[in-house]
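Enquirer: Got a structure for you, written out below as structure tokens; questions coming shortly.
The values are calculated or read from the model by the stated rules, or taken from the named source; none is laboratory data. This structure is a prediction, so every number in the text was calculated from the model and none was measured. Here the Cβ is made from the backbone with ideal geometry for all residues, glycine too, and neighbour counts use every protein chain on show. The protein model used for the area step is the full one, side chains on, heavy atoms only, and it has no ligands, DNA or RNA in it. Shrake-Rupley method; radii C 1.70, N 1.55, O 1.52, S 1.80 Å.
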Amino acid sequence: MNSEILRKRIMKWGASIVGFGNLDDLLSDELKRLHIGISIAIKLSNAIIDGIKEAPTFTYAHHYRVTNQLLDFVALKASNLLQSWGYEAFPIPASQIVDDEKLEGLFPHKTVATRASLGWIGKSALLITPEYGPRVRLVSVLTDAPLEVSLPISESRCGQCSLCVEACPAKALTGKSWQEETKREELVDVGLCREVTQRNKIKFGEPICGICVSVCPFGKANTRT
């Protein structure tokens, strides 16, 4: 099949970046047949992210919510298209938590994204894209379609920058530089992060923060794109 046709369709539906990656060595036995991961990113509004200073805003909470809805819509459209072509497809919801203790979804979107060469994991434990920094939201689709995959990104490009670590209101970030084998708990204490996001959920209706997103220089450097 033509991978570029699928990429263009997904972009037309609203995606900002699309990539394909091989997940062969990472999937459970139940999902191994769906060894190709499609990573889909939608860029967040610079104006809204720049408005996050010492705390999130109601506007950001709404933006977060509707972006996740759009991501799920795009993933569903992509899955339906793949199925119409005769392939299996498994859309992973954009912001679904299936393990409240570990704050984990069915499969990590950031792992699919690094395998698909969309970016690397920053000291914020967020995906950092060359184009938009961490100012993106992600969704993933697993499939058995024979898509042309990219070479994974396997190490951080954050260098000596630690602005997100210094700005984190939860003091949850360790400052460690990511490599492909780095575990999430080496980068962030999700318990401390959750304390802040759950407090914000009471006020804003979503478990959000966004401060590490707003301070990242990779996002700020591309505010005109």
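Enquirer: Based on the Cβ-Cβ distance of R157 and K203, what FRET efficiency does E = 1/(1 + (r/R0)^6) give at R0 = 22 Å, to the nearest 0.05?
Expert: Calculated value: 0.05.
Enquirer: Taking the solvent-accessible surface of protein heavy atoms with a 1.4 Å probe, what is the per residue accessible area of the chain in Å²?
Expert: It amounts to 50 Å² per residue over the chain.
Enquirer: With only Lys, Arg, Asp and Glu charged, each at its Cβ (+1 for the first two, -1 for the last two), find how big the charge dipole of the chain is about the Cα centre; round to the nearest 20 debye.
Expert: In debye, rounded to 20, the chain gives about 940.
Enquirer: If r is the Cβ-Cβ distance from N22 to W85 and R0 is 22 Å, what FRET efficiency results, to the nearest 0.05?
Expert: 0.70
Enquirer: For n ≥ 4 DSSP H runs only, could you compute -39500 (n - 2.57) per run for the chain, divide by its residues and tell me the 222 nm figure to the nearest 500?
Expert: The helix contribution divided over the chain gives -10000 deg cm²/dmol.
Enquirer: Continuing with the same structure: Please list, in order, the residues from segment 104-145 whose amide nitrogen is less than 20 Å from a point placed 7 Å along the Cα→Cβ vector of K32.
Expert: 107-108, 112, 142-145
Enquirer: Carbon-plus-sulfur fraction of the accessible area of the chain, 1.4 Å probe, in percent?
Expert: Of the solvent-accessible surface of the chain, carbon and sulfur hold 52 percent.
Enquirer: Once the Cα atoms of helix 58-84 and of the chain are each reduced to a long axis, what angle between those two axes, in degrees from 0 to 90 to the nearest 10, is obtained?
Expert: 10 degrees
Enquirer: With contacts defined as alpha carbon pairs under 8 Å and 6 or more residues apart, what's the relative contact order of segment 83-225 in percent?
Expert: Normalised by residue count, the contact order of segment 83-225 is 25 percent.
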